[in-house]
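Written below as structure tokens is the structure these notes are about.
Just so it is clear, none of the values below were taken in a lab; they were calculated from the coordinates. It should be emphasised that the depicted structure is a prediction, and the values quoted were computed from it without experimental measurement. Every residue, glycine among them, receives a Cβ derived from its backbone with ideal geometry; neighbour counts consider all protein chains shown.
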Amino acid sequence: MSLKAFHLIFITVSMLLAAGFGVWAILNYRATGDASTLAWGVGSWVGLIAMGAYGRWFLQKLHRESYL
């Protein structure tokens, strides 16, 4: 597996974890009303968007490199 393929898998898994944590934190906020969990949830979704932008930039930068 190339470094490019590993990097893309790592970004994808990180995005899935950020999305899951963000959903959990926001649902926890709705149940408890604790503002810190809302901040964690929103921060997680901001990180998700940032990782998506980075992943897109990474793919554009290395579009000629092989995945193998």
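Using only alpha carbons, the chain has a radius of gyration to Kirkwood radius ratio (Rg to Rh) of 1.17. Other residues lying with their Cβ under 12 Å from the Cβ of residue 58 contribute a combined charge of +2, Lys and Arg counting +1, Asp and Glu -1.
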